1. Name every residue in region 1-53 that is modelled with pLDDT under 60 and within 46 Å of the chain's Cα centre (by Cα), in order of residue number.
2. Determine whether D111 is in a loop (DSSP other than H, G, I, E, B), among the acidic types (D, E) and surrounded by 13 or more Cβ atoms within 10 Å (Cβ to Cβ).
Amino acid sequence: MQEFFMDYGLWLLIALLVVIGLVFLLSGKGKSAVAEDPAPVAPPMAAEPIAEPVVAPLVATPDPVPVAEPVIAEPVVVEPVVEETPAPVVEPAPAPIPASPAVAAPSDGADDLLKLKGVGPKLGALLTELGVTRYAQIAGWSDSDIAAIDAKLGNFKGRPVRDQWIDQAKYLAAGDIAGFEAKYGKI
């Protein structure tokens, strides 16, 4: 007998689990069928018989359905309303941020601001729109200049300080590419 359980014990256990699962599933379906079609429950038997009241069946009398009289609508004349549109308000373009008085921007062209670490094409275009085109401008920024630019950067707020633009711009404005690459990596 012990050899039988050793050889077939695992199969017996699986069969037992299958049977338990089937009983569980079938008992669950029986409960849902009972919930859908409830059977009347008999009241518990009492020692003395209880007299049941006699209830006369109710007969429903149909109520007359009111009939609505047709309503004839008179045509309505609608005059078009002309609204006066106010003149569009044109906001002036933001004034370019002037360079610090100590550093004047040369007029020989714009620097490639994309060389600054943390400045991509969108941010570079935004800086150009704000009038920032030279490394010398950025290198000469004071704390108030950074605050003014930072307020206009939108989603890029905080980048000038976090990415150390002033320090990077000082290297690039001076032409110290080797010093820049030693501190910030290859351009």
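1. G30, K31, S32, A33, V34, A35, E36, D37 - these are the residues of region 1-53 that are modelled with pLDDT under 60 and within 46 Å of the chain's Cα centre (by Cα).
2. It is true that D111 is in a loop (DSSP other than H, G, I, E, B), among the acidic types (D, E) and surrounded by 13 or more Cβ atoms within 10 Å (Cβ to Cβ).
The values are calculated or read from the model by the stated rules, or taken from the named source; none is laboratory data. All of these numbers come straight from a predicted model, not from anything done at the bench. When we count neighbours, we look across all protein chains shown, and the Cβ atoms used for this are built from the backbone with ideal geometry, even at glycine.
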